[in-house]
Amino acid sequence: MNLAIQDGAAAGRMLAPALLDGTLSDRHALALQRRHAPVAVATQAAQRLMHRGVARLLRSETALTLPRPAATLLRAAPGLTALPAWLLGVGPRPEHAPEFARH
């Protein structure tokens, strides 16, 4: 859902000027697609990775442990544990509504 909202914000920002001056063309839509395709691919890959991890945890009868380097890193910088949720929630390329749409 977050990707859809970001796509809407990007579409408004990127397409509104061409819509307003009557110059909207396929190249505008292609530019929007080029901007967001990598974000969608990265987000979906992260979701699949997390899903596999959760599924593995649910199937397991033993506790899931992190590899030693990852555990050491997270003990040294516990704030990193929020990174996956932030990446899925905010995304690798956050979008903001254009200024004209904020009023």
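Of all residues in segment 11-23, those that are over 9 Å from Pro98 (Cα atoms) have Cβ atoms under 6 Å from Cβ atoms of residues that are in a loop (DSSP other than H, G, I, E, B) and of a type in the set (A, V, I, L, M), 6 or more apart or on another chain, in Ala18/Leu24. Evaluating Phe100 against the criteria (1) more than 17 Å from Ala10 (Cβ to Cβ); (2) hydrophobic (A, V, I, L, M, F, W, C); (3) surrounded by 11 or more Cβ atoms within 10 Å (Cβ to Cβ) leaves one unmet condition, (1).
Applying the criterion of being touching a residue at least 24 places away in the same chain (Cβ under 8 Å) and part of a helix (DSSP H, G or I) to the residues of segment 70-95, the residue that is surrounded by the fewest Cβ atoms within 10 Å (Cβ to Cβ) is Gly89.
Just to be sure, is Gly8 within 16 Å of the chain's Cα centre (by Cα) and in a helix (DSSP H, G or I)? Talk me through it step by step, then tell me what you get.
Values: within 16 Å of the chain's Cα centre (by Cα): yes; in a helix (DSSP H, G or I): yes.
Spelling it out, Gly8 is indeed within 16 Å of the chain's Cα centre (by Cα) and in a helix (DSSP H, G or I).
Output yes when any residue across segment 26-37 is within 14 Å of the chain's Cα centre (by Cα) and either of a type in the set (Lys, Arg) or loosely packed, with under 12 Cβ neighbours inside 10 Å (or both), and no when none is. Yes, because at least one residue in segment 26-37 is within 14 Å of the chain's Cα centre (by Cα) and either of a type in the set (Lys, Arg) or loosely packed, with under 12 Cβ neighbours inside 10 Å (or both).
Among the residues of segment 14-25, those that are loosely packed, with under 14 Cβ neighbours inside 10 Å and assigned to a helix (DSSP H, G or I) comprise Pro17, Leu19, Leu20, Asp21. The residue pairs whose first member lies in segment 40-69 and is at pLDDT below 85, whose second member is not in a helix (DSSP H, G or I), and whose beta carbons are closer than 6 Å, counting only pairs six or more residues apart or on different chains, are Leu57/Leu64.
Only residues that are part of a helix (DSSP H, G or I) and surrounded by 10 or more Cβ atoms within 10 Å (Cβ to Cβ): list them for segment 57-69, please.
The answer is Leu57, and nothing else.
Are any of the residues in segment 37-56 in a loop (DSSP other than H, G, I, E, B), over 24 Å from Ala82 (Cβ atoms) and of a type in the set (A, V, I, L, M)? Checking segment 37-56: not a single residue is in a loop (DSSP other than H, G, I, E, B), over 24 Å from Ala82 (Cβ atoms) and of a type in the set (A, V, I, L, M).
Please specify each residue of segment 75-98 satisfying the condition of being farther than 17 Å from Ile5 by Cβ and at pLDDT below 80. Please lay out each step first, then the result.
Residues of segment 75-98 that are farther than 17 Å from Ile5 by Cβ, as a first pass: 75-84.
If the condition is that a residue be farther than 17 Å from Ile5 by Cβ and at pLDDT below 80, then Pro84 is the only one that fits.
The values are calculated or read from the model by the stated rules, or taken from the named source; none is laboratory data. Everything quoted here is computed from the prediction, not taken from an experiment. Here the Cβ is made from the backbone with ideal geometry for all residues, glycine too, and neighbour counts use every protein chain on show.
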